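Let me begin by presenting the structure, written as structure tokens, before commenting on it.
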Amino acid sequence: MKTLLAINSPLIKKIATFSFLIVCLASVLSWGLIKDAYEHYSQAQNNIEQFSDFYRVLDVSNKLAEERGYANQLIFATVGSMAHAKAAFIKSQMETDEALTKVPQDILSSALLQNTLSHLIRGREEVDIYAAGPRTDPHEARKAVDMMMESTEYFHNVLFVKTESFIKMEPTAFSAILQGQALGELRNSTGKLGSYFLYYLNTGTPLSESQLEKISRAWQQIETQWWLLGIPTSYSSDTDSFRTLMLKTRHNFQNKGAALIRHLQTQSENRESYSVSVSEFTVRYQDSLNTFNDMLQMYLFNVHQYYGKVKNQALEHFVLTLIILFTIYSLAIIGILYIHFNVVKPLLKLNVRAKSMGEDDVSSPAYQEVCEIKALQSSLDKLEEHIDENRILSDELKKLTEIDALTGVLNRRGFELQREKLLATVSADTPVWLVLIDIDHFKRINDTWGHPAGDKVLASLGDTLNHVALPNWMVARIGGEEFAVMFSSDSQQDVLNSVRRLQMACRNLRVMTDNGEVIRLTASFGVAKGLPADQDRMMSDADQALYQSKKTGRDKITGIGDAESH
Ligand SMILES: Nc1nc2c(ncn2[C@@H]2O[C@H](COP(=O)(O)OP(=O)(O)OP(=O)(O)O)[C@@H](O)[C@H]2O)c(=O)[nH]1
């Protein structure tokens, strides 16, 4: 019943609904937070992977630009520098090939790779002719330079397309990709700028108008790339060191390669002989570009570091979110359970208990719960004690209203109430007997020995009647010196015997006064028989019988059978 009460309790229902709503709300919020944290983490992870791929593509571009420089050195090598130029070209080829194998297939498909390689092989074959020894035909040399240029340009175009797709994949990494692209472009543009001079240096002729235009465009491109690289970005974790390296590279290029080119350009415009041979130019110019690759490496390393940090932060955020949510969930569940077991349930049990106390059921168990509940428990204990005390007092008061204080037997009110109870326990056809007992000449006793002595007589007679009465008899004092005894019995003889025992007890009663005198007494008896429903008549009959006993001399029994007893 208690369980049912607990489940059906409106309070429990409200708490359950409230808890359910909290859990639902927490779940929705959790889902959003976890999703957000996980997306940050996976985006950072994706950025790292994308940049690794992007780096590999850029690395090939740089390696190709370097190879092109070494190819130029070989094409225009003198007999003395031939061996060194050949070895450098072969080494550079191997580095390019290795870098190419590292580009993932999803970026450089086998078809694109084949095209790149076939362009490259054609260029290399042209250059390889020069490995056998210096050649003098400037047109052939120009063709070899252009073939190498073409092969690197092919890959460069591939890089452009890929840059676009990288940006589409990771729009947030737009500036990082653009600056990486600028680095690749810068290396390519500077390399190409040098190549524009080779034929003219080789032939000793001034630069043509169209060539000057190409050179001017290359300068513009180079300036744009430097500008792009100079834009401060947040993703470079070590900006200062990169900036230092960039300034050093730019300075190196300006002072060496750019200065050399400008000098040659001036000489061309002035129609002077070039002060540098093509062979020397290829070496010196390549030398001015040697830190470009370091710049690319550092740039990509820094970007990689930055996204690594972002990834770790996102992972920390993700784990922290999980921990916080787990803690919130746990606390919510613990809180709900705590309230349920330590507040709601005990309250419900106390409610049951309070209810049962009101219904006089004192069998409810006591509960040892949290402080507030204990306080309530303690108050209930005290209340219960008070109720018990009041109940006892009330019972005693109730008894007092039914008991005659002097004699200890029932008073008239008690007689009437108990009579109702007695009659309720017997069947309607069970004979009931009423015996009225009145002390003879009691006035004389009072008059002779005093009122207190009379009281003592009354109390002694009450004791005597109680003593003689059987357990299921009712004994009452219904008037000043008048007593009543009531019981049920089927046997008239038993009743007569019982009344005689009462009469004998009265006759034998001796009451000692304070003076040491002994009071003796007799009593008159009036008996009536009837059914439970005949109470008024029985009382009247018993009264008549008593009157008869008094009238005919006292100390007599009247009303039972035809025999008046003496
Ligand atoms: N001591 C004492 N006397 C009481 C008490 N109640 C009634 N009495 C006295 O009982 C006496 C009853 O007297 P009566 O009615 O004349 O009857 P009686 O003297 O017994 O004479 P019969 O009944 O005719 O034999 C009165 O004097 C009352 O004052 C009581 O509680 N204590």
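Given (1) open to solvent by 10 Å² or more (accessible area, probe 1.4 Å); (2) assigned to a helix (DSSP H, G or I); (3) free of Cβ contacts under 8 Å to residues at least 60 places away in the same chain; (4) of a type outside the set (Gly, Ala, Ser), identify the lone condition not met by residue 162.
Among (1) open to solvent by 10 Å² or more (accessible area, probe 1.4 Å); (2) assigned to a helix (DSSP H, G or I); (3) free of Cβ contacts under 8 Å to residues at least 60 places away in the same chain; (4) of a type outside the set (Gly, Ala, Ser), the lone unmet condition for residue 162 is (3).
I'd like the full set of residues that are within 20 Å of residue 136 (Cα to Cα), part of a helix (DSSP H, G or I) and open to solvent by less than 30 Å² (accessible area, probe 1.4 Å), limited to the stretch 49-93.
The answer is 68, 69, 71, 72, 73, 74, 75, 82, 85, 89.
Answer yes if at least one residue in the stretch 236-245 is aliphatic (A, V, I, L, M) and within 25 Å of residue 175 (Cβ to Cβ), and no otherwise.
Among the residues of the stretch 236-245, at least one is aliphatic (A, V, I, L, M) and within 25 Å of residue 175 (Cβ to Cβ), which makes the answer yes.
Considering each residue of the stretch 382-437, count those that are over 59 Å from the mean Cα position of the chain (by Cα) and outside any loop (DSSP other than H, G, I, E, B), and give that number.
28
Where in the stretch 440-534 are the strands (runs of 3 or more DSSP E), entirely inside, with at least 1 residues that are among the basic types (Lys, Arg) and within 16 Å of the ligand (Cβ to nearest atom)?
474-477, 518-520
Residue check, residue 267 against (1) open to solvent by less than 80 Å² (accessible area, probe 1.4 Å); (2) over 30 Å from residue 215 (Cα atoms); (3) not aromatic (Phe, Trp, Tyr), all met but one. Which one?
(2)
Quick one: what pairs do we get from the stretch 440-454, first residue free of Cβ contacts under 8 Å to residues at least 12 places away in the same chain and open to solvent by 20 Å² or more (accessible area, probe 1.4 Å), second near the ligand (Cβ under 6 Å from one of its atoms) and small (Gly, Ala, Ser), C-beta under 6 Å, 6+ apart or different chains?
From the stretch 440-454, the pairs are 446/454.
For the stretch 27-39, state whether one or more residues are more than 30 Å from residue 296 (Cβ to Cβ), among the aromatic types (Phe, Trp, Tyr) and either exposed (fewer than 13 other Cβ atoms within 10 Å of the Cβ) or modelled with pLDDT under 80 (or both).
Yes, some residue in the stretch 27-39 is more than 30 Å from residue 296 (Cβ to Cβ), among the aromatic types (Phe, Trp, Tyr) and either exposed (fewer than 13 other Cβ atoms within 10 Å of the Cβ) or modelled with pLDDT under 80 (or both).
Look through the stretch 200-232, keep the residues that are open to solvent by 50 Å² or more (accessible area, probe 1.4 Å) and under 58 Å from the mean Cα position of the chain (by Cα), and return whichever of them is farthest from residue 280 (Cα to Cα).
This residue is 232.
Can you confirm whether residue 110 is of a type outside the set (Val, Ile, Thr), under 60 Å from the mean Cα position of the chain (by Cα) and open to solvent by 20 Å² or more (accessible area, probe 1.4 Å)?
Considered against the rule, which asks whether it is of a type outside the set (Val, Ile, Thr), under 60 Å from the mean Cα position of the chain (by Cα) and open to solvent by 20 Å² or more (accessible area, probe 1.4 Å), residue 110 comes out as yes.
Is the stretch 419-430 home to any residue that is within 16 Å of the ligand (Cβ to nearest atom), surrounded by 15 or more Cβ atoms within 10 Å (Cβ to Cβ) and basic (Lys, Arg)?
The answer is no; no qualifying residue exists.
Any residue at all in the stretch 472-486 that's under 18 Å from residue 555 (Cα atoms), open to solvent by 30 Å² or more (accessible area, probe 1.4 Å) and of a type in the set (Asp, Glu)?
So far as the stretch 472-486 goes, yes, one or more of its residues are under 18 Å from residue 555 (Cα atoms), open to solvent by 30 Å² or more (accessible area, probe 1.4 Å) and of a type in the set (Asp, Glu).
Restrict the check to the stretch 150-158 and report whether at least one residue is modelled with pLDDT under 75 and either open to solvent by 10 Å² or more (accessible area, probe 1.4 Å) or not aromatic (Phe, Trp, Tyr) (or both).
Yes.
Only residues that are touching a residue at least 24 places away in the same chain (Cβ under 8 Å), within 22 Å of the chain's Cα centre (by Cα) and open to solvent by 80 Å² or more (accessible area, probe 1.4 Å): list them for the stretch 291-319, please.
Selection gives 317 alone.
Going by the conditions given, is residue 429 modelled with pLDDT of 95 or more and charged (D, E, K, R)?
In short, no.
Is it the case that the stretch 538-557 has a residue that's open to solvent by 70 Å² or more (accessible area, probe 1.4 Å), modelled with pLDDT under 95, in a loop (DSSP other than H, G, I, E, B) and not charged (D, E, K, R)?
No; the residues of the stretch 538-557 include none that is open to solvent by 70 Å² or more (accessible area, probe 1.4 Å), modelled with pLDDT under 95, in a loop (DSSP other than H, G, I, E, B) and not charged (D, E, K, R).
Tell me yes or no: at least one residue of the stretch 390-408 is more than 16 Å from residue 498 (Cβ to Cβ), surrounded by fewer than 16 Cβ atoms within 10 Å (Cβ to Cβ) and in contact (Cβ under 8 Å) with a residue 40 or more places away in the chain.
Yes, there is a match, as at least one residue in the stretch 390-408 is more than 16 Å from residue 498 (Cβ to Cβ), surrounded by fewer than 16 Cβ atoms within 10 Å (Cβ to Cβ) and in contact (Cβ under 8 Å) with a residue 40 or more places away in the chain.
Going by the conditions given, is residue 434 more than 16 Å from the ligand (Cβ to nearest atom) and touching a Pro at 6+ places or on another chain (Cβ under 8 Å)?
no
The values are calculated or read from the model by the stated rules, or taken from the named source; none is laboratory data. Just so we're clear, the structure is a prediction, and the values are computed from it rather than from any experiment. A quick note on method: Cβ atoms are made from the backbone with ideal geometry, for glycine too, and the neighbour counts reach across all protein chains shown. Surface accessibility is based on the protein's heavy atoms, side chains included, excluding ligands, DNA and RNA. Shrake-Rupley method; radii C 1.70, N 1.55, O 1.52, S 1.80 Å.
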